[in-house]
Amino acid sequence: MFEWMGERVQRRTARVATVAFGAVASLMVGGTAAAQTVVLNQPAPQVTDTTIRAGAYAHTNYDTQPLVTRRSDDDPDWTRRALLKFDTQNTIPAGAQISSATLTLTVRSGLGSAGQTRPIQLLHVTQAFQESEATWVRRQGSSNWSAPGGDFDDAYASANASNGAGSRVTFNVTSLVQRTVNGDFGSRYTRILLADIGPSAKESYREYYPSEDSTASRRPTLTVVLSGATASPTPTPTPTPPSSGSTLKVLHWNIAQGYDPTGEANITRIANFIATKRPDVISLNEAMKFSSTSSHHQQIAARLQAVTGQTWTCVWVQKSGAATGEGEVIMTRLGVDATDDYLLSYARSVALLRVNVNGRNITLASTHLDHQSTSYRLTQISQLKSYLGSQPEQRIVAGDFNAWPGTSEYSTLTATFNDGWAVARSGGTAYSPSNNPDGNTRNSRIDYVFSSKGATALRVVRADVYDASDSQGRMSDHQPLMVTYSVQ
């Protein structure tokens, strides 16, 4: 579901030359694309949707069932709203000029006398949600809506829904999609809530075909016509081209909130150390973000840019999904095809991006699992495997898993993933300081760079655990790990 599913990160990149999913039609004038039509109506990752219901059903998820709207002031058990999310992040270039955007729903059934209609309002959803987890109370993982019934702000359109099976409901969402692709909301996924705003009545009940319906013409469809011009979105760094080489170096490090073991702030030392290793991709845990203009990953990216002369694209996600605080980072000097973030249970998260190396798509993620509870970690691992399993191969996930070899968590992970250090060690290409022959990253080996067993184009060349110390001592309570892959 390269839904790319949770979508708080503001720094996004666009693929102007291709549209990742959906049907695209271009009108060529003098060799230049004058207009494009992007049609989004394929199931996840392109379109996700669900119904949320109030009252006694406020904690029930209705994924894969028909979308429903209904208004009932008298009995909240009957009140329903529909949530939809369209992947305009990976299918429409950032800042593209939108000529028109139309959402079309097909009615599956409805109540009331023949021809009776209901007024439906379309609102912008302000928070990320997952269709398989969203309820009237919860939006995803362990995160609730700030108010029951969904977080939304402005109404962008309205339409009347008939009760006739097979009838269409059409909303003009040009303004909403334009603001979304401009990055006005941070996320460039178009997120929508539909609510009946007529008088309370059982006749307000309307069912609409969901994105999972077997007939494409009945699914929720977002049709976007691009003018060919480009608006002026919030500036984003221009990524470097995809790697033309066949080697990928992935460095992971828990940077302990930017403090060394003596309590001294050390983010500059960390950035300088990373720069000496020249990785292609960096996973960071316990990276702090203090404001939109002040964060550890921004400081590290700036230092790396000064050293490498290349722009580093970063995805940061706070553990609980908030705007600031401690979180995970995945960053790269390579060109980025798509980005995402996702919340796990028990206040943990995943930051994710996708690059291209040697003609191969590589999905890369960073996570940090719970440090106290085995059961929490096993739950998080199950969610992580499910989430990553929906992403394109080849897949790599790095992080502090707070589990050492021999634990049930490690066994669960290695049923699906190859441990980069272990693979390198079996091949005689794992290296660590002489006082640390087992490659421990803390008191044991708890930091990993894993690749999925289905990532057959990735071959581990070597793995290194570094002694990240200087004249002032150790830089973190963890040591960094780097795994080098050959991309076939």
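Any read-out appearing in this document is the output of simple, stated calculations on the displayed coordinates, not a laboratory observation. Small disclaimer: the values here were computed from a predicted structure and weren't measured. So basically every Cβ, Gly included, is an ideal-geometry build from the backbone, and we count neighbours across all protein chains shown.
Remarks
- Note, ³J(HN,Hα) from phi for the range 334-345, Karplus 6.51, -1.76, 1.60, rounded to Hz, x at Gly and Pro: 8, x, 10, 8, 6, 9, 6, 8, 8, 9, 9, 5
- The gain in end-to-end length when the residue 467 to residue 404 segment is fully stretched comes to 20.8 nm, 0.36 nm per residue minus the alpha carbon separation.
- Entries of 249/277; 289/319; 85/289 with Cα pairs more than 19 Å apart: 85/289
- Within the chain: Cβ-based charge dipole about Cα centre, in debye rounded to nearest 20 (Lys, Arg +1; Asp, Glu -1): 860
- Helical contribution to [θ] at 222 nm, DSSP H n ≥ 4, -39,500 (n - 2.57), averaged over the chain, rounded to 500: -4000 deg cm²/dmol
- Mean silhouette area of the range 319-381, derived from the convex hull of its C-alpha atoms and averaged over all directions, reads 5.1 nm².
- Value of D in µm² per second that Stokes-Einstein yields for the range 23-230, Kirkwood Rh from Cα pairs, at 37 °C (0.692 mPa s): 190
- Amide H partners (placed H, <5 Å) of residue 156, local residues excluded: 122, 123, 124
- Using only alpha-carbon positions in the range 70-147, the gyration tensor eigenvalues give semi-axes of 27, 22, 11 Å once each is multiplied by 5 and square-rooted (largest first).
- Straightening the chain between residue 158 and residue 358 buys 67.3 nm, computed as 0.36 nm per residue apart minus the Cα-Cα spacing.
- Summed residue charge, Cβ within 9 Å of residue 416's Cβ, Lys/Arg positive, Asp/Glu negative: +2
- Bridge type composition, the chain - antiparallel percent by DSSP, nearest 5: 90
- Take 289-295, 314-320, 363-369 and order them by the average number of nearby Cβ atoms within 10 Å per residue, most first; the result is 363-369, 314-320, 289-295.
- Annotation for residue 73 and residue 306: the two label points, set 7 Å from Cα along the Cα-Cβ direction, are 6.2 nm apart.
- Projected label points at residue 436 and residue 217, each 7 Å from Cα along the beta carbon direction, are separated by 6.3 nanometres.
- Cα gyration tensor shape of the range 247-487, rounded if a/c is under 1.5, else prolate or oblate by comparing a/b with b/c: rounded
- What separates the Cα centres of the range 379-396 and the range 273-323 is a distance of 23 Å.
- Cut-off 9 Å between beta-carbons: net charge of the residues surrounding residue 199, Lys and Arg +1, Asp and Glu -1: 0
- Taking a ≥ b ≥ c as the square roots of the Cα gyration tensor eigenvalues, the range 289-362 comes out oblate, since a/c reaches at least 1.5 and a/b does not exceed b/c.
- Dipole of the range 365-488 computed with +1 at Lys/Arg Cβ and -1 at Asp/Glu Cβ about the Cα centre; of 399, 449, 427, farthest Cα towards the positive end is 427.
- Under 11 Å, Cβ to Cβ, from residue 107 - net charge with Lys/Arg +1 and Asp/Glu -1: +4
- Straight-line cross-link partners of residue 453 among the aspartates and glutamates, defined as a Cα under 15 Å from its Cα and at least 8 positions apart when in the same chain: 393, 419.
- Label point of residue 63 set 7 angstrom out along Cα-Cβ; within the range 343-363, amide nitrogens under 19 Å from it belong to 343-352.
- Estimated FRET transfer efficiency (residue 99, residue 277; beta-carbon r; R0 45 Å; 0.05): 0.45
- Degrees between helix 267-277 axis and first principal axis of the chain (Cα, 0 to 90, nearest 10): 80
- Hydrodynamic analysis of the chain uses the Kirkwood radius over alpha carbon pairs. Inserted into Stokes-Einstein at 4 °C and 1.567 mPa s, it gives a translational diffusion coefficient of 55 µm²/s.
- Distant alpha-carbon pairs in the range 408-450 (separation over 15 angstrom), percent: 44
- Cα→Cβ-extended label distance, 7 Å offset, between residue 132 and residue 488, nm: 2.9
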